[in-house]
Amino acid sequence: MSAGAAQPALHDSGEGPVLLMLHAFPLDASQWDHQVAALSGEFRCLRPDMWGCGASPAPPETKPTLDGYAESLLSLLDERGVTSFAVIGSSMGGYTAFALWRKASDRITALIFAGTRSAADTEQRRTEREEQAQHILADDDVDDVVDAMLPRLITAASQREAHIVDPLAGRIRQCTPAGVAFCLRAMAARPDSTELLAAMDAPALVIVGGQDALIPPDDTRELAQHLPRAQLLELQQCGHLPNVEDAPAFNAAVAEFLTGLG
């Protein structure tokens, strides 16, 4: 665990094989509410909140990295006696899944990626993230994050649906400015994971939102092309968060994939 850091919050529902559910930026573990409702009858759904998001404490004062977060998650799993687990990562959660693979590939039984990529940030993107982090900390609120991110997270059709938009905005507001800044800086610091893909030999499911405005769909499709045991699912009417925009299709695919592992 990162030196001096309080442990992230970890929500625990259900019984059965463990499914570690890693949320996207700038959300919290409640991103997975629909999936927990559908899957917790067969699986033990563990959902951490990134530091500064949801129920988690403030971020550590160390350099923000997803590696440090992954170390904390492994410590939490050790405390609960979890020796093996499947992992599902949405966007930033996918980046964290790569960090977990580097540290504990022997414990990961399956991988599910949604709206994520293996490549590191470009220098321009790192600069943009740092500028965003400084702006958010200076303003000391996340209202601008809500306004900027909602149109990028979901499709125009979903933006007209209050039952999608309102909870999503609320989830963003569960993140503190310090938490949002930490996430931005941790994502900017992540290494390129492309060379890992060929050796990631766990069964994998890659889910693409066909209208993803944040990560180009081709970037996510590339994971399925290079992971040796991957299945690909495309939800054409979804954006960056297919688990939110088409929960029934997403849940059915995840349940079929996981139960098919035997």
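Bear in mind these aren't lab numbers, they're just calculated from the coordinates by the rules spelled out. Here the structure is a predicted model, which means the values were calculated and not measured. As a convention, Cβ positions derive from the backbone with ideal geometry for all residues, glycine included, and neighbour counts pool all protein chains shown.
Charge dipole (Cα centre; +1 on Lys/Arg Cβ, -1 on Asp/Glu Cβ; no other charges) of the chain amounts to roughly 480 debye.
Run the numbers for ALA198 and THR62: contour at 0.36 nm per residue of separation, minus the present Cα-Cα distance, in nm. Write out the running numbers ahead of the final one.
Numbers: separation 136, 0.36 × 136 = 48.96 nm, distance 3.18 nm.
Gain in length upon complete extension: 45.8 nm.
Counting only Cβ charges, +1 for Lys and Arg and -1 for Asp and Glu, the dipole size of segment 1-151 around its Cα centre is about 780 debye. Given in Å, the Rg to one decimal and the Dmax to the nearest whole number for the Cα atoms of the chain are 16.8, 50.
Our coupling estimate for segment 199-216, obtained by passing each phi through the Karplus curve with A = 6.51, B = -1.76, C = 1.60 and θ = phi - 60°, is 9, 7, 8, 6, x, 9, 10, 10, 10, 10, x, x, 10, 4, 9, 9, 10, x Hz, Gly and Pro reported as x.
At 222 nm, what helix-only mean residue ellipticity would the chain give, in deg cm²/dmol to the nearest 500, using -39500 (n - 2.57) for each DSSP H run of four or more? Before the final figure, lay out the partial values.
Details: 11 runs with 118 residues, N = 262.
Result for the chain, helices only: -13500 deg cm²/dmol.
Just add up the charged neighbours of PRO177: K/R +1, D/E -1, any other residue whose Cβ is under 9 Å from the Cβ of PRO177. Overall, the nearby charge balance is -3. Cysteines in the chain lacking any other cysteine Cβ under 4.7 Å from their own Cβ: CYS45, CYS183, CYS238. Farthest towards the positive end of the charge dipole of the chain, among the residues SER193, ALA178, ILE108, is the Cα of ILE108, using unit charges on the Cβ of Lys, Arg, Asp and Glu.
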